[in-house]
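**Q** Sharing a structure with you now.
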Amino acid sequence: MTGFYQPLLSPSTSITSPQPNSHYTTSSPPPPPTPTAIPAFVYRVHRARAQTAFSWPKGFSSKNQTTILHQTSDLSKFGIAHLHHQTNISSPFISVYDSASHAEAVAAFFTAKYREDCWVVKIDTRHFARGPVFRAVDLLAGMRVGREAASGREAASEREAEWLHSGEYLVTYKIPPEAIVGETIFRRGGEKWDSPGVIGGGVAKR
């Protein structure tokens, strides 16, 4: 797509919201709003078996590069599938967090749960491509509309999801390699490593 890597003017620059009859063609219910600004830095929790792929020539790329979110129902379908880690639906999104400490807590959780190394990658949002960015909390709120209050195991699962997706943004399609600032690696054995922007390398923290 021509001009896809055109950088934002500044970290506080407003993201262009979808225009009527372009990104969305339904009027009810209204789509979740795109955030008007994003933090200067966000943090990607990455693991080898994630749908999102990484390579230095391309940076981070979502598995689904072709779906265009024309309708609210499309956004809901793909957004909720992404947040629930459904592997039967290819995601057009890349998850990032607005807090380094929370991203590190999620990485430690994933390392223990999936028994594989995780990387917390610091990303400079000035290099973000033009395109819609969504907040996980807005998609989850839309999913809960009209539902009865959960109890027992469902309530515990919802509390975990609320923690897991706190401060999470969904970026569409790509994050270019020039946006990567550095990384921290979380090994399966509990060791924590730092590396200046090379996924797979690292220096152990003592």
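The values are calculated or read from the model by the stated rules, or taken from the named source; none is laboratory data. Only a predicted model underlies this, so the values are computations on that prediction, with no experimental measurement involved. Heads up, the Cβs are rebuilt from the backbone with ideal geometry, glycines too, and the neighbour counts pull from every protein chain shown.
**Q** If you go through the range 85-119, how many residues are at negative phi and under 12 Å from the mean Cα position of the chain (by Cα)?
**A** Of the residues in that region, 9 qualify.
**Q** Criterion first (without any contact (Cβ under 8 Å) to a residue 24 or more places away in the chain and more than 21 Å from Ser157 (Cβ to Cβ)) does Asp74 satisfy it?
**A** Yes.
**Q** Before we move on, is Ser101 under 30 Å from Lys192 (Cβ atoms), part of a helix (DSSP H, G or I) and of a type in the set (Gly, Ala, Ser)?
**A** yes
**Q** Can you pull out every residue in the range 108-126 that is within 20 Å of His84 (Cβ to Cβ) and either modelled with pLDDT of 95 or more or in contact with a Ser or Thr (Cβ under 7 Å, 6 or more places away or on another chain) (or both)?
**A** Matches in the range 108-126: Cys118 only.
**Q** Take the residues in the range 36-53 that are over 13 Å from the mean Cα position of the chain (by Cα) and at pLDDT below 90; name whichever of them is farthest from Tyr114 (Cα to Cα).
**A** Looking at the filtered set, the residue picked out is Thr36.
For (1) within 30 Å of Ile68 (Cβ to Cβ); (2) in contact with a Pro (Cβ under 8 Å, 6 or more places away or on another chain), each residue gets a yes or a no:
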{"residue": "Pro92", "(1), (2)": "yes, no"}
{"residue": "Ala100", "(1), (2)": "no, no"}
{"residue": "Glu104", "(1), (2)": "no, no"}
{"residue": "Lys113", "(1), (2)": "no, no"}
{"residue": "Trp119", "(1), (2)": "yes, no"}
{"residue": "Ile123", "(1), (2)": "yes, no"}
{"residue": "His127", "(1), (2)": "yes, yes"}
{"residue": "Pro132", "(1), (2)": "yes, yes"}
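**Q** When you go through (1) modelled with pLDDT under 90; (2) surrounded by 12 or more Cβ atoms within 10 Å (Cβ to Cβ); (3) farther than 17 Å from Trp56 by Cβ; (4) within 18 Å of the chain's Cα centre (by Cα) one by one for Ala129, which number turns out not to apply?
**A** (3)
**Q** A follow-up question, please. Looking at the range 47-68, is at least one residue outside any loop (DSSP other than H, G, I, E, B), within 20 Å of Ser166 (Cα to Cα) and of a type outside the set (Lys, Arg)?
**A** Step one: of the range 47-68, the residues outside any loop (DSSP other than H, G, I, E, B) are 47, 53-55, 59-61.
Filter once more, so that each one left must be within 20 Å of Ser166 (Cα to Cα): 47.
Within this subset, residues satisfying the condition of being of a type outside the set (Lys, Arg) are none.
Within the range 47-68 (the criterion being outside any loop (DSSP other than H, G, I, E, B), within 20 Å of Ser166 (Cα to Cα) and of a type outside the set (Lys, Arg)), the answer is no, since none of the residues qualifies.
**Q** Still on this model: Counting only residues that are touching a Phe, Trp or Tyr at 6+ places or on another chain (Cβ under 7 Å) and crowded, with 20+ Cβ neighbours inside 10 Å, how many does the range 107-120 have?
**A** 5
**Q** Right, next: Can you name the residue in the range 158-205 that is of a type in the set (D, E, K, R), under 27 Å from Ile38 (Cβ atoms) and surrounded by fewer than 19 Cβ atoms within 10 Å (Cβ to Cβ) and, of all such residues, is modelled with the highest pLDDT? Break it down into steps so the answer makes sense when it comes.
**A** Looking only at the range 158-205, we keep the residues that are of a type in the set (D, E, K, R), and these are 158-160, 162, 168, 174, 178, 183, 187-188, 191-192, 194, 205.
Right, trim to under 27 Å from Ile38 (Cβ atoms) and you get 158-160, 162, 168, 174, 178, 183, 192, 194.
Within this subset, residues satisfying the condition of being surrounded by fewer than 19 Cβ atoms within 10 Å (Cβ to Cβ) are 158-160, 162, 178, 192, 194.
Values: Glu158: 79, Arg159: 85, Glu160: 86, Glu162: 89, Glu178: 94, Lys192: 78, Asp194: 72.
By that ranking, first place goes to Glu178.
**Q** Follow-up question, since we're still on this one. What is the one condition in (1) at pLDDT below 90; (2) assigned to a helix (DSSP H, G or I); (3) within 17 Å of the chain's Cα centre (by Cα) that Ala155 does not satisfy?
**A** That leaves (3) as the condition not met.
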